[in-house]
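Below is one structure, written out as structure tokens; comments come after it.
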Amino acid sequence: MVDRSAPGWSRLFLPIGVFLGVFGVFNFAELPLGWKDRQEQVGRYLDATLALGADWVMPVIWLAKLVELALGLLALAATARRDTRWLAAAVVGWLAWFTLFSAVDVWAADRVELQEHTVYFVMFAVLLGMIHVVSAVERFLDARR
């Protein structure tokens with residue numbers, strides 16, 4: 001059997017990829033459940049930061065949910081392909097996403113959301129570090145074989 005995985009792929013990445021995929025897909029799927037709360041939250045953010053009216057709330061919510069879905073699907077594709085670079089790209093995408101959310105939280109002076117998004121950012125940074133370290137160890141072990 002030929003191993004088609006990218007250099008540095010580890011079995012430890014399977015649960016990370018599945019988690020990221022499920023996280024992204026469920027973030028998209030939860031849209032109808034929290035629709036009213038999301039509308040209010042995004043409306044507050046748009047008013048506090050860019051002074052945009054209610055006409056922008058729906059497009060911003062859909063854009064956010066589509067980005068989250070795309071990041072989840074990227075993670076699932078990375079897992080299916082056993083591609084460490086794609087998996088790292090998905091994590092970097094989530095890091096960028098939560099950096100954007102944190103910046104908006106600071107701008108809108110929403111400390112509770114800032115705390116939540118900062119915790120997410122830290123956890124995704126830990127995941128990226130794990131991917132990097134485990135991938136380096138796998139490449140080192142492959143080179144020794």
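Mind listing whichever residues of the range 10-37 are over 19 Å from Leu71 (Cα atoms) and either in a helix (DSSP H, G or I) or at pLDDT below 85 (or both)? Spell out the reasoning first.
To start, the set of residues in the range 10-37 that are over 19 Å from Leu71 (Cα atoms) comprises 10-12, 32-37.
If the condition is that a residue be over 19 Å from Leu71 (Cα atoms) and either in a helix (DSSP H, G or I) or at pLDDT below 85 (or both), then Ser10, Pro32, Leu33, Gly34, Trp35, Lys36, Asp37 are the ones that fit.
Where the second residue is open to solvent by 20 Å² or more (accessible area, probe 1.4 Å) and outside any helix (DSSP H, G or I) and the first is free of Cβ contacts under 8 Å to residues at least 24 places away in the same chain and lies in the range 88-105, which pairs have Cβ atoms under 7 Å and are six or more apart or on separate chains?
Once the first residue is free of Cβ contacts under 8 Å to residues at least 24 places away in the same chain and sits in the range 88-105, no partner that is open to solvent by 20 Å² or more (accessible area, probe 1.4 Å) and outside any helix (DSSP H, G or I) comes close enough.
Of all residues in the range 100-118 being under 21 Å from Gly24 (Cβ atoms) and in contact with a Phe, Trp or Tyr (Cβ under 9 Å, 6 or more places away or on another chain), which is most open to solvent (accessible area, probe 1.4 Å)? Outline the logic, then answer.
Of the residues in the range 100-118, the ones under 21 Å from Gly24 (Cβ atoms) are 100-105, 113, 116-118.
Filter once more, keeping what is in contact with a Phe, Trp or Tyr (Cβ under 9 Å, 6 or more places away or on another chain): 101-102, 104-105, 113, 116-118.
Numbers: Phe101: 49, Ser102: 21, Val104: 35, Asp105: 1, Glu113: 38, Glu116: 80, His117: 15, Thr118: 62 Å².
Out of the qualifying residues, it is Glu116.
Among the candidates Ala64, Ala88, Ala96, Ala77, which residue alone is surrounded by 17 or more Cβ atoms within 10 Å (Cβ to Cβ) and under 21 Å from His132 (Cβ atoms)?
None of the others qualify; the one that does is Ala88.
From the list Leu128, Leu141, Leu69, exactly one residue is in contact (Cβ under 8 Å) with a residue 24 or more places away in the chain and closer than 18 Å to Ser10 by Cβ. Which is it? I'd like the intermediate steps shown before the answer.
Details: Leu141 fails: in contact (Cβ under 8 Å) with a residue 24 or more places away in the chain; Leu69 fails: closer than 18 Å to Ser10 by Cβ.
One residue alone meets the criteria, Leu128.
The values are calculated or read from the model by the stated rules, or taken from the named source; none is laboratory data. Since the structure is predicted, the reported quantities are computational estimates derived from the model, not experimental observations. Heads up, the Cβs are rebuilt from the backbone with ideal geometry, glycines too, and the neighbour counts pull from every protein chain shown. Heavy atoms of the whole protein, side chains included, go into the accessibility calculation; ligands, DNA and RNA do not. Shrake-Rupley method; radii C 1.70, N 1.55, O 1.52, S 1.80 Å.
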